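Take a look at the structure below.
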């Protein structure tokens, strides 16, 4: 019998291959960074040469390497070094944490934080500059809402940025104002007015925070990411790749107006390495649910005079898509509200009239849609790039802002699958935790980790675990144009594997959040082992 000279063989696990013809196996053999064989314990053992390194993994679940298809790696790295306000249950809790950070910050230095969510607080009241001024008298401060679309700054920050009652609202954004016309310190879709005054990190700093974020992602079982960045962060990723320090399979997304400059720096669409490549542009159609800036066809229930904010007009969106296409890039368009989704689809369809081709476009989030727009998704072959982990945080806010009847079409993943759409999953980290097991739990239960709401929010939209795993494996590989190498466990494909210390298929979903990652394997290399 012919023996296989392999580097590593894994045995006695439950292996979900994501291959339709043979979705389950017991053992996997790896050679030169690729899958050499998949089968039963006996089949693989009979193939191995003496002395092969083996690992027995009874009770563990092996999946294709999990990919977070929508996140911000550098932002996660910075977030790990910011004031963390995520999950805090009141503004007073946030103040206490900001005050503690101020005590350790030199006068004049910026204090940055992330993660506040007023919908978790008893009064649901958004913060303003007055709630920061008394605890940060010596420092400019910017605290970003969990969605990333609103920030609150103190008076010192407003002064440094030259913002006053006379400052007009920026295009597609809004500066909240007090009764006398002065600025409240809450900026919606307008943080660029502050970002321009923050000290710019150099490339070494960008590389350092990126490596911190990478370590966190790998520890949680991720082998790949689709990361949305600006060009300086993209350059840092490219440098890490050249230095051999980038472990994650990294698919970069950039704004379309930065592609020409990226090309001049050697970051070219369709090119790259096995660990880093670029080929997609990110655009914005609207804002967010929590900030009431997601663009709607009908008004918000709690703010009848508001329908959200168009981040770009339909014409501007179309021009952005055409610019991306002219460079050979697919697009990903952020669209949370149903009108945002309608506009994104229309922009893609119009742009393709001028630039026909085999595009693999995505709409990010799709938190609310109109049923009639599903046909356009299907006709255009546009992928719904969604974040199941949003539901535990958003479901009650969505009902309050959109109304329960409209929410029938909210986060409607099962409906999308049954309509023939491809679904891919991400976390939007650091907006939500990067842990993919939390995304799987949310997709299957549509509940918080505490089991709320009872029975799941619109339980008819729950997905099976198999369907959910495909959203973290097969579909991201396809949208990244790497389906021949990634997304399933099959001979010849890259040996990217995630090994969980318990079998999710044998465990109640309420217990999944406690499941740990036993091994993360990228290109046959064990990059994390618990």
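Readers should treat all values here as calculations from the given coordinates under stated rules, not as data from a laboratory. Since the model is a prediction, treat every value here as computed from it, not as a measurement. Glycine also receives a Cβ, built like all others from the backbone with ideal geometry; neighbour counts cover every protein chain displayed.
As a footprinting exposure proxy, order 267, 348 by other Cβ within 10 Å, with the fewest listed first. Walk me through the numbers on the way to the answer.
On the way: 267 22, 348 25.
Ascending number of Cβ neighbours within 10 Å: 267, 348.
Starting from the coordinates of the alpha-carbon atoms of region 292-365, obtain the Kirkwood hydrodynamic radius over all distinct pairs and give the value in Å to one decimal. If you can, show how the numbers build up before the last one.
On the way: mean 1/r = 0.0783 Å⁻¹.
About 12.8 Å for region 292-365.
Using Cβ counts within 10 Å as a stand-in for footprinting exposure, how do 478, 457 rank, fewest first?
Numbers: 478 17, 457 24.
Exposure proxy ranking, most exposed first: 478, 457.
Quickly rank 355-364, 16-25 as a protection proxy: mean count of other C-beta atoms within 10 Å, highest first. Display every interim value, and only then the final one.
Working: 355-364: 18.5, 16-25: 15.7.
Most protected by this proxy first, the peptides run 355-364, 16-25.
Helix 436-445 versus the longest principal axis of the chain: what angle, 0 to 90°, nearest 10, using Cα atoms?
The answer is roughly 80 degrees.
So in the chain, what percent of DSSP beta bridges are antiparallel if you round to the nearest 5?
Numbers: 35 of 78 bridges.
Given both bridge residues lie in the chain, the antiparallel proportion sits at roughly 45 percent.
How big is the antiparallel share of DSSP beta bridges in region 77-195, given as a percent to the nearest 5?
Numbers: 9 of 16 bridges.
The antiparallel fraction comes to roughly 55 percent.
Could you work out how far helix 231-242 tilts from the main Cα principal axis of the chain, as a 0 to 90 degree angle to the nearest 10?
Taking Cα atoms only, the helix is inclined about 20 degrees.
Could you please rank 505, 458, placing first whichever residue has the fewest other Cβ atoms within 10 Å of its Cβ?
Numbers: 505 12, 458 20.
Ordered by Cβ neighbours within 10 Å, fewest first: 505, 458.
Taking the 0 to 90 degree range and rounding to the nearest ten, how far is the long axis of helix 338-354 tilted relative to the main principal axis of the chain, both from C-alpha atoms?
Taking the Cα atoms of the chain, the angle to 338-354 is about 70 degrees.
Over all directions, the average projected area of the alpha-carbon convex hull for region 15-168 comes to how many nm²? Present the calculation step by step, with values, prior to reporting the outcome.
Working: hull surface 65.0 nm².
Taking the Cα atoms of region 15-168, their convex hull projects to 16.2 nm² on average.
If I take every Cα pair under 8 Å that is 6 or more residues apart in region 77-195, average their sequence separation and divide by the length, what percent do I get for the relative contact order? Walk me through the numbers before you get to the answer.
On the way: 217 pairs, mean separation 25.0, N = 119.
It rounds to 21 percent for region 77-195.
Among 423-436, 116-129, 26-39, what's the highest-first ranking by average C-beta atoms within 10 angstrom per residue? Let's see the in-between values first.
Working: 423-436: 25.7, 116-129: 17.1, 26-39: 20.4.
Sorting 423-436, 116-129, 26-39 by mean packing, highest first, produces 423-436, 26-39, 116-129.
Sequence gap at least 6, Cα distance under 8 Å: using those rules, report the relative contact order of the chain to the nearest whole percent. Display every interim value, and only then the final one.
Details: 1187 pairs, mean separation 89.5, N = 530.
This gives 17 percent for the chain.
Based only on the alpha carbon positions, what is the Kirkwood hydrodynamic radius of region 236-341, in angstrom?
Mean inverse Cα-Cα distance, inverted, gives 15.4 Å.
Would you compute the Debye intensity of region 77-195 from its alpha-carbon atoms alone, equal scatterers and no solvent, and pass along log10 I(q)/I(0) at q = 0.10, 0.11, 0.19 Å⁻¹ to two decimals?
Each listed q corresponds, in turn, to -0.26, -0.32, -1.01.
So what's the Cα pair-distance distribution over region 338-395, bin width 10 Å, in %?
21, 52, 22, 5, 0
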